[in-house]
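Working notes, structure below.
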Amino acid sequence: MKALAAAVMALALLGARAPADDFLFGADLSFADEMDDCGAVFRDHDAPKDVFAIFKDHGTNLVRIRLWNDATWTKYSNLADVERAIKRAKAQGFKVLLDFHYSDDWADAGKQIVPAAWAGIKDDRELAQTLYRYTFDTLTALGKAGLMPDMVQVGNEINSEILMPAPPSEGKTIDWVRNARLINAGIKAVRDAGPGIKVMLHIAQPENAEIWFAAATAAGVTDFDVIGLSYYSKWSKYTLAGLGGTINRLRYRYPKTEIVVAETAYPWTTAWADNLNNLLGEDALVPGYRASEEGQQKYLVDLTQTIIANGGAGIIYWAPDWVSTRCRTRWGQGSNWENATLFDFQGNALPAIDYPRHDYTWPVPVTFRFHGLNAPPGQPFYLWGDFLGTNKLAVRIPENGIFTTTLMPGTKIRFQVFDNLQLHARLIAGDKLVDRFASETVPANGVTFDYPLTQPTP
């Protein structure tokens, strides 16, 4: 108990979300304008249709759009292209997530290259001000055009330190004083430009998230609303269960924060429609999920159910429309991704595009109500339970004795109450108590577990 108490984190009340009402089913359509210009034709039930309309009709409710600073190698993902894409998204009634890469090229977990126009700025404070002004001015311009996003990513897959000189420095230790200053400048710009905009911080692969956010919050990066995770089976060490465990622990450690899988994808075939190598090949397959239309659909449904069951707030499919066309990239003609889109090689919508409409099982509200004994002065009571997913975390019980969360129906849980240093409270529940732990099962429609407390005998 003492070891557990020493590791306790005091957390605020976690509120329960309504099933499906605000769950994000997203699509990253950053390629959409380019695909249209390149002659791609998307079909739904054999009828050609605007790609944004297709996703809307199949249950998608959010569109993610990326922005590069000054990508001279392409005419896309600049501010003009972003405005064009957001107009299309808003015309269909989508929420919009704007993804600032803070680079002139792809920014990812191992590569965060400072824009060329900022490369000569050596003073961290001046660089932070430049990042602030760029973010603020961009959002202000979008707002004036009626295109303000609902959510903003302050960086893309920012596992490593942002705004670094080229080439990437493999394994470089993050300077958290500098990194926090820059990230916080971006966050402040979002807050100042649009008070209602949510801020997402985005990390690649769930196995990196808990360590990164612990370091970030310790360095003073605390004002964020959403934790975004990339999850690709090819590049992650975690199974679906491992992802679910990460989401669950993050939601209790950061109770005011939503957890979203901000990027994911799965191949529907290992064939190809062009001469470009597929990024997701045999090495991206998971046992039980074949590279087939049915396998892709099953994977997306099971992944989404995992996110939902563990208290996550959404999922975003990356580049579901990056099909093979006559256009060329730096790597050749076509697409590296056409076998992992949500359209076949003829542009027909695949079954997996309907994954938002699956009949998912949703968590139910679970309330713990404790009464009959006040906590010792300066030593609030804490609740520990196996539903938290770790022995190193407990939740602080509010002064009114009520703590609310969401859990899956049928979940069997064990829990107990204690203070910072020693067991000052004892649950009273007759034969339900075993070695100071209570055991309960969550019913189908939610529940309030009502437990009186008493002073334990010496």
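Quick note: the coordinates plus some simple rules give every number you see, no bench work behind them. These numbers were taken from a predicted model, which means no experiment stands behind them. Here the Cβ positions follow ideal geometry from the backbone for every residue, glycine too, while neighbour counts run over all protein chains shown.
A few notes on this one:
- Neighbour counts of C-beta atoms inside 10 Å place VAL226, VAL260, VAL177 in the sequence VAL177, VAL226, VAL260, starting with the fewest.
- Radius ratio Rg over Rh of segment 348-388, counting only Cα atoms, Kirkwood formula for Rh: 1.37
- The helix-based estimate of mean residue ellipticity at 222 nm for the chain, built from -39,500 (n - 2.57) per DSSP H run of four or more residues and divided by its residue count, is -7500 deg cm²/dmol to the nearest 500.
- Among THR138, LEU62, SER77 - extreme Cα towards positive end, dipole of segment 62-141, charges at beta-carbon: LEU62
- Nearest-ten-degree value, helix 293-309 long axis tilted from longest Cα axis of the chain: 40 degrees
- Which listed pairs, of LYS90/LYS256; LYS49/LYS256; LYS122/LYS392, have C-alpha distances above 30 Å, in listed order: LYS49/LYS256; LYS122/LYS392
- Relative contact order of the chain: 17 percent, from C-alpha pairs under 8 Å at least 6 residues apart in sequence.
- Considering only LEU147, GLY372, TYR317, the residue lying farthest towards the positive end of the dipole of the chain is GLY372, judged by Cα position with unit charges set on Cβ.
- Unsatisfied cross-links (Cα-Cα over 21 Å) in the set LYS95/LYS144; LYS56/LYS95; LYS298/LYS412: LYS298/LYS412
- Estimated translational D of segment 120-225 in µm²/s (Stokes, Kirkwood radius over Cα pairs; 37 °C; 0.692 mPa s): 227 µm²/s
- When only the Cβ of Lys, Arg, Asp and Glu is charged (+1, +1, -1, -1), the dipole of segment 296-416 relative to its Cα centre reaches about 300 debye.
- Counting every other Cβ atom within 10 Å of each residue's Cβ, ARG64, ARG436 order from fewest to most as ARG436, ARG64.
- Cα-based helix-to-principal-axis angle, 240-253 vs the chain, degrees rounded to 10: 60 degrees
- Here's the picture: charge each Lys and Arg Cβ at +1 and each Asp and Glu Cβ at -1 in segment 19-357, and of ALA241, VAL96, THR306 the one pushed furthest to the positive end of that dipole is VAL96.
- Note on the chain: with charges restricted to the Cβ of Lys and Arg (+1) and Asp and Glu (-1), its dipole about the Cα centre is near 1220 debye.
- When +1 charges are put on Lys and Arg Cβ atoms and -1 charges on Asp and Glu Cβ atoms, the dipole computed for segment 117-182 relative to its Cα centre reaches about 180 debye.
- Helix 209-218 vs. the chain, principal-axis angle (Cα, 0 to 90°, nearest 10): 70 degrees
- Cα-based shape type of segment 311-378, given that a ≥ b ≥ c are square roots of the gyration tensor eigenvalues and the cut on a/c is 1.5: oblate
- Residue exposure proxy: HIS101, HIS358, HIS58, ordered by other Cβ atoms within 10 angstrom of their Cβ from fewest to most, comes out as HIS358, HIS58, HIS101.
- For the chain, the alpha-carbon radius of gyration amounts to 1.05 times the rule-of-thumb value 2.2 N^0.38 Å expected for a compact globular protein.
- Divided by 2.2 N^0.38 Å, where N counts the residues, the Cα radius of gyration of segment 165-317 comes to 1.17.
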